[in-house]
Structure formats: C-alpha cells, structure tokens
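The structure appears below as structure tokens.
The values are calculated or read from the model by the stated rules, or taken from the named source; none is laboratory data. The structure displayed is predicted, hence computed values, not measured ones. For neighbour counting, all protein chains shown are included, and Cβ atoms are generated from backbone atoms with ideal geometry for every residue, glycine included.
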Amino acid sequence: MKVLVTGAAGFIGSHLCERLLKRSELEVIGIDDYIGPTPFLLKQKNLEGMEAHPRFHFIHGNLLTLPLKTLLQDVDVIYHLAAIPGVRSSWGKDFEPYVSNNIMATQKLLEVCKGAKRLKRFIYASTSSIYGERDGKVSEDLAPMPLSPYGVTKLSGEHLCHVYKESFHIPIIVLRYFTVYGPRQRPDMAFHIFIRQMLLGEPITIFGDGTQSRDFTFITDCVKGTEAAMNADGLVGETINIGGKERASVLEILSLLEEISGITVQKNFLDKVNGEPKHTWADISKANELLHYSPNVTLKEGLREAFQYFTTLYRSENK
C-alpha cells in the first residue's frame, strides 16, 4: 500500500511519516519544497533517520511544477499537509504565496486525482483558523468565519475538496487541527518562540494581554488521529476536528514552562495580532466517534517534552 504525504519535512508531516513507516505494509512518498517559515536546515533535520529508510522515498519539489500524474499512478492514500502556514504573515503583499501554495497547489493535486484509479483516501489538513471568533466549544457544523487571509486560503482548500468529491468522486476527508505543539514545532509558533527566548534569557513576547486561550494538541495525539483517518470506514466527505483535552491561556502556559525549566521569565506585552481569535476550543466528539480519537498526553507532559527537545536543539546549534 502506497501513501503520499505532502509537506513531509514539516512539523506535522515529518511526525506523520515516521508513524506510517512503523507499519510494515506501507510505502511512504514524501514531498516538500522547503518553503515557509521553517529554515531549510531544520526541515532537513526533521527528516533525519527517514531518508535512508527502505520504504521511504523523498521528493524535493513544488506541487505546482512536479509531474503529479506520474507520481500518483499507484498511490492508495494522499495526506495533503503542504501549505504556507501562519496568520500574522498572511496579510498584504505576503498573501500571494498563500494563494499559490494553499489554493492553487491544492486544486492542481485534486485535478490530477481525477485519474488516480487506486486512490482510496484524500485527507486534507485544514485548521481551526477557519472558525474565527467563537464562544465555547466549536463543532464541525458551525458556519466558517475566518479572521485572516491564511484562514481564508485553508477554507478555500476545503471547498475545493468538496466540489471535487461531488463532481469527480474523489474520496476526500477534511481534518481541522487545533494548535498542535511539540518537538519540531515551527520557529514562528508560540511555544517554540517562548522556549527559545527563555533559553536565551530574553523577555517573552506576548501579543495582547496573555489571557487568550487555545485548545492545545500534542503532536503524537495529532498524528494518531491523522493516521486513523486512513483506516476508518465511512469517512468519505466528513470534516473532523482534531484537538486536545486541555485548554490554557498564554499566561498559564508561561507559568507551566517556568515550573518545568526553573527559569523565571520577564514578559514583554505587545499589541494583539489581527486575525487571531481570542479563544479556540474544539468539540472532538466526532473524532472520538469516527476515529476512536482520544488524546492522552497532558499539557504539562507535552510542554516538558517540547522544552527538552528545543533545549537540546539550541545547545547543539551553539556548540
């Protein structure tokens, strides 16, 4: 059985590839163009140990220019994770690469899938950013109201998936991720920034008053749910939240990191960021029912693992 993972060198993509390779019946093809906020060397590091694996084949290239028809001839499952991420950098003149890599690349991939005879699943990685500002838990049947250009592009990808399903019977499944964190997290994401600033003895940058809260999903829980979408029956056409069981504010996260690290931090408060909701909170009952998804890594355990990973990473860089 052959699985294609786009965005394979990224944070979630690399963890997903590792998990899939643990299954002896799977051959994994990874595609990544090394674009986005993660530096080239960090993306290469994400693939360490996999590139030599006999059932892993990595392709460096862009979905807009690769010979996708040839690559998809005998693929059974596609995980489409490749995208330009991030809310803050999606405004103004920086919007163009979001359109190219989040919308146009998704459309091209779906178009080629029309002739992929073996394809059983097309799993599209979306985001909680499509929901916008909400009170309480958000379920998949809420009307999307994205607050950022990034959220708009990911929602556009969802709509493309559904129209290709209706017109060409492509077996799509949409997963909406809620603030995934852990080892290999992108350097533009909050936990990575906080830990790096702590290790460097710098004040912690907080956008807003720090009371904003998120529904945090540890990376191993995220990829378990993502893998399950390949196997469960009756999921074609479904949209499913992948979130965590614990929510916390930015200030609560910093208190936990102080406890874990023994470092007391200074805080530098800046203006809130346009396009980011005050709170997110996933209703994961549908994931539990359809995917048997039950996140089990506590927030404190996950933060401890992330802190250890980034401590090792930055110490090795400074040697």
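Take the range 1-14 and flag every residue that is within 19 Å of the chain's Cα centre (by Cα) and either hydrophobic (A, V, I, L, M, F, W, C) or surrounded by fewer than 22 Cβ atoms within 10 Å (Cβ to Cβ) (or both).
Val3, Leu4, Val5, Ala8, Ala9, Phe11, Ile12
Please work out if Gly115 is modelled with pLDDT under 95, part of a loop (DSSP other than H, G, I, E, B) and farther than 22 Å from Met1 by Cα. When the stated conditions are applied, Gly115 does not pass them.
Each row is one residue, and each column tells you yes or no for (1) over 20 Å from Tyr98 (Cβ atoms); (2) surrounded by 19 or more Cβ atoms within 10 Å (Cβ to Cβ).
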{"position": "Tyr131", "(1), (2)": "no, yes"}
{"position": "Lys137", "(1), (2)": "yes, no"}
{"position": "Leu147", "(1), (2)": "no, no"}
{"position": "Gly151", "(1), (2)": "no, yes"}
{"position": "Leu155", "(1), (2)": "no, yes"}
{"position": "Glu166", "(1), (2)": "yes, no"}
{"position": "Ile173", "(1), (2)": "yes, yes"}
{"position": "Pro183", "(1), (2)": "yes, yes"}
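Which is β-branched (Val, Ile, Thr) and closer than 21 Å to Gly151 by Cα, of Ile260, Ile206, Ile284?
Details: Ile260 fails: closer than 21 Å to Gly151 by Cα; Ile206 fails: closer than 21 Å to Gly151 by Cα.
So the residue among Ile260, Ile206, Ile284 that is β-branched (Val, Ile, Thr) and closer than 21 Å to Gly151 by Cα is Ile284.
Within the range 85-112, if we keep just the residues that are small (Gly, Ala, Ser) and farther than 21 Å from Val5 by Cβ, the residue that is surrounded by the fewest Cβ atoms within 10 Å (Cβ to Cβ) turns out to be Gly92. If the condition is being closer than 14 Å to Leu175 by Cα and either at pLDDT below 95 or assigned to a strand (DSSP E or B) (or both), then the range 190-230 contributes only Thr217. Of all residues in the range 279-295, one or more are surrounded by fewer than 18 Cβ atoms within 10 Å (Cβ to Cβ) and modelled with pLDDT under 95.
In this structure, Ile260 does not satisfy being among the hydrophobic types (A, V, I, L, M, F, W, C) and crowded, with 19+ Cβ neighbours inside 10 Å. Within the range 191-220, residues that are at negative phi reach partners that are outside any strand (DSSP E or B) and surrounded by fewer than 16 Cβ atoms within 10 Å (Cβ to Cβ) with beta carbons closer than 6 Å, at six or more positions or on different chains, in the pairs Met198/Ile263; Leu199/Tyr314; Pro203/Gln266; Phe207/Lys272; Phe207/Val273; Gln212/Lys278.
If you filter the range 244-288 down to residues that are in a strand (DSSP E or B) and among the charged types (D, E, K, R), you find that the one that is nearest to Arg196 (Cα to Cα) is Lys267.
Per the conditions (1) of a type in the set (A, V, I, L, M, F, W, C); (2) over 23 Å from Gln185 (Cα atoms); (3) in contact with a strand residue (DSSP E or B) (Cβ under 6 Å, 6 or more places away or on another chain), the sole criterion not satisfied by Leu290 is (3).
Taking first residues from the range 279-294 that are within 24 Å of Gln212 (Cβ to Cβ) and touching a residue at least 60 places away in the same chain (Cβ under 8 Å) and partners that are of a type in the set (Lys, Arg) and assigned to a loop (DSSP other than H, G, I, E, B), the Cβ contacts under 6 Å between residues at least 6 apart in sequence or on separate chains come to Trp281/Lys137; Asp283/Lys137.
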